[in-house]
Amino acid sequence: MTATASSSPVAKGSLERNQLPPHLNENLLTPRFYTTEFDKAAKTNLDIAREEFEAMFKEMEADYNLTHFDRKASLERLDELSPEDKAVYESYLVRSVVSEFSGFLLFKEISNRFKKSGRKELGQFFQFLARDEARHAGFLGRALKAEGINVDLPNLGNKRAATFFPLSWVLYSLYLSEKIGYWRYILINRHLKENPEKVCAPLFDFFEPWCQDENRHGDCINLMMRCWPGMTKGFRGKLLSRFFLWSVFLTHTLTVCERGDFYGLLGIDPVLFDEEVIKQTNHTTRNAFPWVYKFDDGKFLKMRVEILNAFRNWRESSGLSKPLALGKFISLIIRQFALPMEKTNAVRYG
Ligand SMILES: [Fe+2]
Ligand SMILES: [Fe+2]
């Protein structure tokens, strides 16, 4: 069965979607797709950051990774894995391909809307971002193919469900997802360089320049935020910073630790990995958001572990103790949300 001939987005051999092994049959197969205030976005005042935009445009146009994602490179796995580890690896690939592809869909849509509104430069700018994400998704699709799994990417796109977010929300969350993506890829890459015996697939050899794409994407989104100074000012700026940092970090903690088996496969401690990713992302975000969480007192990171334990406790509890466990989890995440923040010196125009 080939990717294009398959009636389901993911096909393994001759299996239909509802017969897929559990690790591939996830709700995640439909990428989340966001729509936003495109008319407002078309009014982006680039003149506020003209010089910076020109420089970033040239950097994206230079396409440093043009030849990096070699279509001929073999992505056959290096090691024989146990059936459990093989499932863990394949499940990671599926989640990654869906997330890269949903990035492609969003950037492509933004690019098209800019072009339709006569904002050619911005349309081209977002086309560069879409180009990179399409490459990332294509590469992961090839790694899956090497596992005998065909992902029909265009079909994934057709099944999307759109969620509306105001422009400010899209920019805050996109910035964080690009920067957290950068830190995830680079930290895995550094770990595998120090522990080469843990490299079970050639895919991981491609992570270093790959993460630089994500880093640049974050810088592009930061630039867009600077063109909308109102988004990062006053109470609104503080509330948006707080909400997106908290929700992205909380989601990261829960998902990394729930999928600890993938990190175990690479010899990475998921709790320590999560801590490092969050620390570094919070630090990097000083360049973009007006406020970031204060980590000096160690409270935020410590509370992460308590939240994780409360979450597991809730999942494992039953009967009367279940609502109590849920109450504990909710009170902890609210306390974490309210922890102290510190002002940054992020460059702002206007
Ligand atoms: Fe990407
Ligand atoms: Fe990206």
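The values are calculated or read from the model by the stated rules, or taken from the named source; none is laboratory data. These numbers were taken from a predicted model, which means no experiment stands behind them. Every residue, glycine as well, gets a Cβ built from its backbone with ideal geometry; the counts of neighbours run over all protein chains shown.
The criterion of at least 3 residues that are of a type in the set (S, T, N, Q) is met, among helices (runs of 4 or more DSSP H) falling completely within segment 147-244, by 167-194, 207-226.
Among Phe289, Phe329, which is at pLDDT 95 or above and in a loop (DSSP other than H, G, I, E, B)? Checking each option against the conditions leaves just Phe289.
Quick one: which of Leu144, Leu176 is of a type in the set (A, V, I, L, M, F, W, C), crowded, with 20+ Cβ neighbours inside 10 Å and modelled with pLDDT under 95?
Exactly one of Leu144, Leu176 is of a type in the set (A, V, I, L, M, F, W, C), crowded, with 20+ Cβ neighbours inside 10 Å and modelled with pLDDT under 95, namely Leu144.
All conditions but one from (1) away from ligand 1 (no atom under 15 Å from the Cβ); (2) within 19 Å of the chain's Cα centre (by Cα) apply to Ala146; the one that does not is (2). When Glu133 is tested against the conditions (1) away from ligand 1 (no atom under 15 Å from the Cβ); (2) among the acidic types (Asp, Glu); (3) within 30 Å of Asp47 (Cα to Cα), the lone failure is (1). Check whether at least one residue in segment 39-61 is within 16 Å of ligand 2 (Cβ to nearest atom), assigned to a helix (DSSP H, G or I) and among the basic types (Lys, Arg), and report yes or no. No: zero hits.
Of note, Ala137 does not satisfy the criterion of being within 13 Å of ligand 2 (Cβ to nearest atom), closer than 26 Å to Glu61 by Cα and surrounded by fewer than 21 Cβ atoms within 10 Å (Cβ to Cβ). Take the conditions (1) outside any helix (DSSP H, G or I); (2) modelled with pLDDT of 95 or more; (3) among the aliphatic types (A, V, I, L, M); Ala73 misses just one of them, which is (2).
Among residues of segment 163-181 that are under 22 Å from Arg95 (Cα atoms), those with a Cβ under 6 angstrom from a residue that is acidic (Asp, Glu) and within 16 Å of ligand 1 (Cβ to nearest atom), sequence gap 6+ or separate chain, pair up as Glu178/Glu214; Gly181/Glu214.
For segment 67-119, which positions are among the acidic types (Asp, Glu), over 24 Å from Asn155 (Cα atoms) and touching a helix residue (DSSP H, G or I) at 6+ places or on another chain (Cβ under 7 Å)? Across segment 67-119, the qualifying residues are Glu76, Asp85. For segment 194-216, the condition of being more than 15 Å from ligand 1 (Cβ to nearest atom), within 20 Å of Asp70 (Cα to Cα) and among the aliphatic types (A, V, I, L, M) holds for at least one residue.
From the set of residues in segment 183-219 that are at pLDDT 90 or above and of a type in the set (Asp, Glu), which is nearest to ligand 2 (Cβ to nearest atom)? Per the stated criteria, the residue is Glu214. When Ser247, Ser241 are checked against the criterion of being surrounded by fewer than 19 Cβ atoms within 10 Å (Cβ to Cβ), in the same structural domain as Arg286 (by TED's automatic domain parsing) and more than 16 Å from ligand 2 (Cβ to nearest atom), a single residue qualifies: Ser247.
Of all residues in segment 285-310, those being under 22 Å from the mean Cα position of the chain (by Cα) and either surrounded by 16 or more Cβ atoms within 10 Å (Cβ to Cβ) or of a type in the set (S, T, N, Q) (or both) number 13. Within segment 220-230, the set of residues being under 20 Å from Gly181 (Cα atoms) and either touching an Asp or Glu at 6+ places or on another chain (Cβ under 7 Å) or surrounded by fewer than 19 Cβ atoms within 10 Å (Cβ to Cβ) (or both) comprises Ile221, Leu223.
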